[in-house]
Each structure stands twice: as structure tokens, then as C-alpha cells.
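Everything below concerns the one structure shown next.
The values are calculated or read from the model by the stated rules, or taken from the named source; none is laboratory data. These numbers come from a predicted model, not from an experiment. For neighbour counting, all protein chains shown are included, and Cβ atoms are generated from backbone atoms with ideal geometry for every residue, glycine included.
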Amino acid sequence: MLYDFHELQRSFLTPLAAFSSNSAQLFTNPYSPWTYTPLAKQIAAGYELLHRIGKDYEKPSWDIPFVDINGVSCAVQQQVVYSEPFCDLVRFSLTHDSSCRPQVLLVAPLSGHHATLLRDTVRTLLQDHDVYVTDWIDARMVPLAAGSFHLNDYVHYIELFLKHINRDTHVIAVCQPTVPVLAAVSLMAAQQRPHQPKSLTLMGGPVDTRQSPTQVNRLATTKSYNWFENNLIHRVPARYPGAGRRVYPGFLQHMGFMAMNPDRHFSSYSDFYQHLVQGQDDSAASHRRFYDEYNAVLDMPAEFYLDTIKTVFQDYDLPQGTWEINGCLVNPAAITHSALLTIEGELDDISGLGQTEAAQHLCSQIPAHKKQHYVAQGSGHYGIFSGRRWRQKVYPVIKAFIQQHA
């Protein structure tokens, strides 16, 4: 019912958003006489602000046609190379022969935002690597006939993708997938399967949420499993391909994202209005780019979301050694082949300090010379994989680590 009410609300807001967009152009187009009236900039800014608050945000495109390598602009080829019902494996490579470049599997989080949130991560990695990305599909677009999707299925997907790439691969997991990725590699190592990655980089993820618990962790532990199932899980309305599927809706997740830092978002929108009035086009464009991505959310399969709440945040199955998948115990101590790099942001308010580093202790049989931990000073959660600190501080560490263990 809540999902249906949300759709009804969107149906009312869509015409208002379109009207606001057209009205903003009426007061900014140089051929419109209204552009030269008093307060035209203030009125136009108000209309655009209303448009952006009321509009519906679709999944952004990757938009990586070129990448700069040593001052040379190189064309990038993007293609879906493998598909499962809930995820596409997308390969980014240079259009000229790049067979000698290291292969990186970048595992994007399935935690509300689209994989395109890692656009800057991909663009930077492409300077020195071919990059495969897990591009998760909005659960409301997956028909019921495709079946359910659990946390264990996520682990299985990682194994399938590594097998498909079928070359020496370096895996990078950002945030939420640090847990299923570590589980997948642990199972592959325990069963001595091929295609184990040469290196494993875990970035800002909830490997052991008992360490430095954040607001996210506290929410998961102060509410019961039944509370999450009864209050956050809804069925997809009839107008989508996934009609009837139980999901954690993207709009509820977005409300949670905004509620974590309401003052910051209010200030950002207020600044956006001022930038429009003052003609600071670059600053306004930067706001649009960020929120076009941040406001675009997807629905998560209910089974996966609830499994994650219980396994990762409430029962701590991975660090306590009690997680079983298809009768096999997930034991990171089985990993001996893959090198391990863990990365944390000093100011991360999503995954606190120590949560990712816990993997260093769990992977006890990896030799010391193949293990490294790095803390990005002054960096928050998003700063470890996007922005200036990512490009200037974090990426050089990852690049050197991959080169060392290639």
C-alpha cells in the first residue's frame, strides 16, 4: 500500500516538476523577454529548485567515453559481457589492444544507489587497468519468474563473474560487498577452486560491525528482524516488470540517506539556489551532477536486504565464524593465494574504523608480506572511492598494491 501511495504521489509531482522546468527556462532563455525583468534570476532559481526537488531521478548513464592517460585522451569501450537476472557484468576497456593490462573486478554495492555511483572509481582505474563492474539491476524491473535473490546468491554471483573473466583478476569491493566478496573468495579457497583473485581490496565495508559502530549499525541492532520485515518491505506495484516482488523500496532508502545528514542536504540546496542567483554556473552544475546520482536509487530484493540485516549487522556471522553457505562454512583463514588490502576512511560515518580492518585478522593464513592496511586521513565514506582524495591518496595505494601482486 505504501508503494502504491508513493506512485500516486509521483503522478501528482511529475506535472509540477515539468511545469517548474519550463518556467525556469522562461526566465533564463535569452530570447524570452521575461529574462530581463526584475528578479528574473531569483524566480528562475526558485523554479529550478522546485523542479529538482519534485522530479523523478532515473538511473544515470556511465558516461565514460574517454579517459586521460598521461595527457593523451583514449577512447573507452563499454559492453555487457555477462548477465544474470539481478546483475549485469559490464566491461570497460580501451578501444586499442589492452590485453596486457591488469584485470580488475570492481564489485559495486547493492545498497540503494546504482553502480554508476562508482563512475569516478571506474574512470580512475581505467588509467592502468581493464575494469569489470557489477551493475546491479533495480529489483522492481526483475520479473517474479526470475526467482528470489538472497545474500548467498550474491556470493554465488561473485564466483560466476570471476569464472567468466577467466584471467588473473584483482578484486576491489566497495562498502557493502566487502562481506559477500570475502565470503566468495573464502569458499573458493577452501574448496581449492580455480579463478581465485590475485589480490583482494576491501574498502570501507562492514566486515565486523562490532568495531566502532556507526548510526547505521545502531539502527540495525536496536530494531528486531521482524521490525525490518514488517515496516520496510513492500511489494512492487503492477506497472513494473517486477510486479508483486517483495523489495526494500528505493524511495525509503533515499529517505534514510537524507535523514542521516539533513542539515548538510538543506545547506547544499540552499547554496544551489544562491549559485543560480549569482550566476555561478560551475558550482550549480556540480550540485546537479552530485544529486542526479545521489537521488537515483533502486529497489533491493527483500530476501537480500533482510539476510544482510541478520547475517552482517545482527548475528555477526562472518567474524564469529558461524556463516554457512550451502553447507560449507565461510572461513577467511582458508585464503592463502590472494593478497589482501583493506582501506578505511578516517572520518567514515557509514563503516567505522576497524570494521574493514577486521578482515586482516580473519584472513590469518595470508602471509604478512601479502597484507596491507591503509587509512585515508581526512576522508569520509565517499571520499575513499570518489573525488580528490580518492584520486590523489587512495588510488596510488591500490595501483601499487596491484602491481606488487600481479
Pick from segment 116-155, criterion free of Cβ contacts under 8 Å to residues at least 60 places away in the same chain and in a helix (DSSP H, G or I), ranking: surrounded by the fewest Cβ atoms within 10 Å (Cβ to Cβ): Ala145
Could you look through segment 61-88, keep only residues that are surrounded by fewer than 17 Cβ atoms within 10 Å (Cβ to Cβ) and under 30 Å from Ser20 (Cβ atoms), and pick out the one that is farthest from the chain's Cα centre (by Cα)? Asp63
Do we find a residue being of a type outside the set (Phe, Trp, Tyr), within 30 Å of Glu229 (Cβ to Cβ) and assigned to a helix (DSSP H, G or I) anywhere in segment 336-356? no
Residue hits (segment 183-202; part of a helix (DSSP H, G or I) and closer than 21 Å to Ala406 by Cβ) are Ala184, Val185, Met188, Ala189
Only one of (1) out of contact with any Ser or Thr (no Cβ under 9 Å at 6 or more places or on another chain); (2) surrounded by fewer than 21 Cβ atoms within 10 Å (Cβ to Cβ); (3) not assigned by TED's automatic domain parsing to the domain that holds Leu13 does not apply to Leu39, and that is (3)
Within segment 223-235, the residues that are within 18 Å of Leu110 (Cα to Cα) and either in contact with a strand residue (DSSP E or B) (Cβ under 6 Å, 6 or more places away or on another chain) or not in a helix (DSSP H, G or I) (or both) are Leu232, Ile233, His234
Of the candidates Leu106, Leu110, the one satisfying the condition of being assigned to a strand (DSSP E or B), touching a residue at least 40 places away in the same chain (Cβ under 8 Å) and under 27 Å from Phe290 (Cβ atoms) is Leu106
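Conditions tested, residue by residue: (1) under 30 Å from Pro237 (Cβ atoms); (2) surrounded by 13 or more Cβ atoms within 10 Å (Cβ to Cβ); (3) in contact (Cβ under 8 Å) with a residue 12 or more places away in the chain.
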{"residue": "Tyr3", "(1), (2), (3)": "yes, yes, yes"}
{"residue": "Ser11", "(1), (2), (3)": "yes, no, no"}
{"residue": "Pro15", "(1), (2), (3)": "yes, no, no"}
{"residue": "Ser21", "(1), (2), (3)": "yes, yes, yes"}
{"residue": "Ile43", "(1), (2), (3)": "no, yes, yes"}
Does Tyr31 satisfy the criteria of being in the same structural domain as Ala18 (by TED's automatic domain parsing) and exposed (fewer than 15 other Cβ atoms within 10 Å of the Cβ)? yes
How many residues are crowded, with 20+ Cβ neighbours inside 10 Å, out of contact with any strand residue (DSSP E or B) (no Cβ under 6 Å at 6 or more places or on another chain) and not polar (S, T, N, Q) if we restrict to segment 352-380? 3
Scan segment 381-390 residue by residue and report those that are surrounded by 16 or more Cβ atoms within 10 Å (Cβ to Cβ) and outside any loop (DSSP other than H, G, I, E, B). Tyr382, Gly383, Ile384, Arg389, Trp390
Residue that is surrounded by the most Cβ atoms within 10 Å (Cβ to Cβ), among those in segment 96-115 that are in contact with an Asp or Glu (Cβ under 6 Å, 6 or more places away or on another chain) and among the polar types (S, T, N, Q): Gln103
Answer with yes or no whether Phe161 is more than 18 Å from His195 (Cα to Cα), among the aromatic types (Phe, Trp, Tyr) and either in a helix (DSSP H, G or I) or assigned by TED's automatic domain parsing to the domain that holds Ser386 (or both). no
Out of all the residues in segment 242-270, which are within 18 Å of Lys59 (Cα to Cα) and not in a helix (DSSP H, G or I)? Gly242, Val247, Tyr248, Pro249
Can you name the number of the only condition in (1) out of contact with any Ser or Thr (no Cβ under 7 Å at 6 or more places or on another chain); (2) buried (at least 17 other Cβ atoms within 10 Å of the Cβ); (3) part of a helix (DSSP H, G or I); (4) aliphatic (A, V, I, L, M) that Leu50 fails? (1)
For segment 188-211, which positions are modelled with pLDDT of 95 or more, surrounded by fewer than 24 Cβ atoms within 10 Å (Cβ to Cβ) and in contact with a Leu (Cβ under 9 Å, 6 or more places away or on another chain)? Met188, Ala190, Gln196, Asp208, Gln211
Select from segment 271-305 the residues that are surrounded by fewer than 21 Cβ atoms within 10 Å (Cβ to Cβ), in a helix (DSSP H, G or I) and among the aliphatic types (A, V, I, L, M) and list them in ascending order. Val277, Ala284, Ala285
List every residue pair whose Cβ atoms lie under 7 Å apart, where the two residues are 6 or more positions apart in sequence or sit on different chains, the first residue falls within segment 266-292 and is acidic (Asp, Glu), and the second residue, located anywhere, is surrounded by 13 or more Cβ atoms within 10 Å (Cβ to Cβ). Asp292/Tyr57; Asp292/Pro60
